[in-house]
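The values are calculated or read from the model by the stated rules, or taken from the named source; none is laboratory data. Note that the structure is a prediction, hence the values are computed from the model and not measured. Methodologically, a virtual Cβ is constructed for each residue, glycine included, from the backbone with ideal geometry; neighbour enumeration extends over all protein chains shown. Keep in mind that these areas ignore ligands, DNA and RNA; they rest on the heavy atoms of the full protein, side chains included. Shrake-Rupley method; radii C 1.70, N 1.55, O 1.52, S 1.80 Å.
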Amino acid sequence: MLRIRFHGRGGHGVKTASRIVGTAAFLSGFYAQDSPIYGAERRGAAVAAYTRIDTKPICERGAVAEPDLILVVDETLLADPAAGVRVGCEFASALLVNSGKEGTALATELRLPCPILTLDLTAVVLAVVGRGSAQSAVLGAAACALAGLGPLERVLEAVQRELVELGLEADEQARNLEAARRVYADLSAVPARPRLPASGQVELHRPTLAKGAASRPIILAVGNAAARHTGRWRVFRPVIDQEACTRCGVCFALCPDGAITLDERAYPVIDYENCKGCMMCYQECPVHCISERQEVQAW
Ligand code: SF4
Ligand code: SF4
């Protein structure tokens, strides 16, 4: 069985990426299973998704603890133990990080026991698709290329099927397909890749259930919400141009996290410690004086 694990933040499209790979595998005649895992957190929170591919029915369920391939959309997740990017990376043939850094530099920095590849997927998305943080098409194409799934036309068919299901307009589909095509071409020649599924006995995963308190969520310390700085979830940072701001207060009223306050002159001020980057203020500002900048700070 080939196991692929995706790490990103809510809004990056890791769930759709896992579906793209599953669909590409299915179209290639394999059994495939894809699933995401996320809690009640919103856009920007760390999420993961999994794809399993085999030549036999897949009975294994749950999180992938021993991945053959890991793809990370946001390199700041590598420093977040709660995101679990490093779990089982000693089993991986490759870990692809969406980064503009050299793979060798990142390998030295991270000291992970598996080969590290880098590709600036965000740059491709921004150049070809335009604005937006959803990277499902390029991420799915990257995983297909590294897993040896192909040919390109079949991968693009899988991408398109998923984008149609999401309801994207035809021109947006076309731009995503072009971005996916570029990423697939870039990564198809990479030698570090996992084994394709081989036939053999599929092991059943038998979950064990803990009893009592261990099996249900508990709040161990009350009143600690203020310590949870959601600013680290941000992929894009809203920046207000005060020269153009009319002080209408729309962003202040609509920010779902109360991360915008008004100063003594009624100009909005963003609390970057807690702004999670949902970009609702950017979307709703009537005079478009809020811009989005790609977040580069690793907290
Ligand atoms: S400040 Fe803007 S981007 Fe940040 S949480 Fe509020 S609405 Fe979302
Ligand atoms: S919505 Fe735009 S114009 Fe209105 S207060 Fe916010 S930044 Fe200023």
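Observations on the model:
- Each peptide in 15-27, 256-268, 225-237 was scored by the mean count of other Cβ atoms within 10 Å over its residues; highest first, the order is 15-27, 225-237, 256-268.
- Förster radius 41 Å - calculated FRET efficiency between GLN242 and GLU153 (Cβ-Cβ, nearest 0.05): 0.25
- Stretched out straight at 0.36 nm per residue, the stretch from GLU66 to HIS288 would grow longer than its current Cα-Cα span by 75.3 nm.
- Relative contact order, percent, the chain [alpha-carbon distance under 8 Å, six or more residues apart]: 18 percent
- Surface composition of the range 226-294: carbon plus sulfur atoms hold 50% of the accessible area, using a 1.4 angstrom probe and ignoring ligands, DNA and RNA.
- Binning the alpha carbon pair distances of the chain at 10 angstrom intervals from zero yields the distribution 6, 26, 31, 23, 11, 3, 0, expressed in whole percent.
- The mean accessible area for residues of the range 240-299, using a 1.4 Å probe and ignoring ligands and nucleic acids, is 60 Å² per residue.
- Extended-chain gain in nm, criterion 0.36 nm per residue less alpha-carbon gap, GLU165 and ASP271: 34.5 nm
- Max mean-square fluctuation residue, GNM over the chain, Cα-Cα springs under 10 Å, options ASN224, ASN98, ASN274: ASN224
- Expressed in Å, the radius of gyration and Dmax of the Cα atoms of the range 226-294 are 11.2, 34.
- Dipole axis of the range 226-294 (+1 Lys, Arg; -1 Asp, Glu on Cβ), positive-most option in PHE236, VAL269, CYS255: PHE236
- If you take all other residues with their beta carbon under 11 Å from the beta carbon of ALA32, and give Lys and Arg +1 and Asp and Glu -1, the sum is 0.
- Spacing of the two label points (7 Å from each Cα toward its C-beta) at GLU172 and CYS59, in nm: 4.2 nm
- Taking the C-alpha atoms only, the angle from helix 14-27 to the longest principal axis of the chain is near 30 degrees.
- Bridge orientation summary for the chain: considering DSSP beta bridges with both residues in this region, about 65 percent are antiparallel.
- Carbon and sulfur %, accessible surface of the range 2-188 computed with the full protein complex present, 1.4 Å: 52 percent
- With eigenvalues of the C-alpha gyration tensor scaled by 5 and rooted, the range 1-156, Å: 22, 18, 16
- The sum of -39500 (n - 2.57) across all DSSP H runs of n ≥ 4, divided by the residue count of the chain, sets its helix-only mean residue ellipticity at 222 nm to -8500 deg cm²/dmol.
- Solvent exposure, largest accessible area first (probe 1.4 Å, DNA, RNA and ligands not counted), of GLU169, GLU178: GLU169, GLU178
- Gap separating the Cα centres of the range 57-134 and the range 164-180, nearest whole Å: 24 Å
- Taking all protein chains together and a 1.4 Å probe, the residues GLU292, GLU172 rank GLU172, GLU292 from largest to smallest accessible area.
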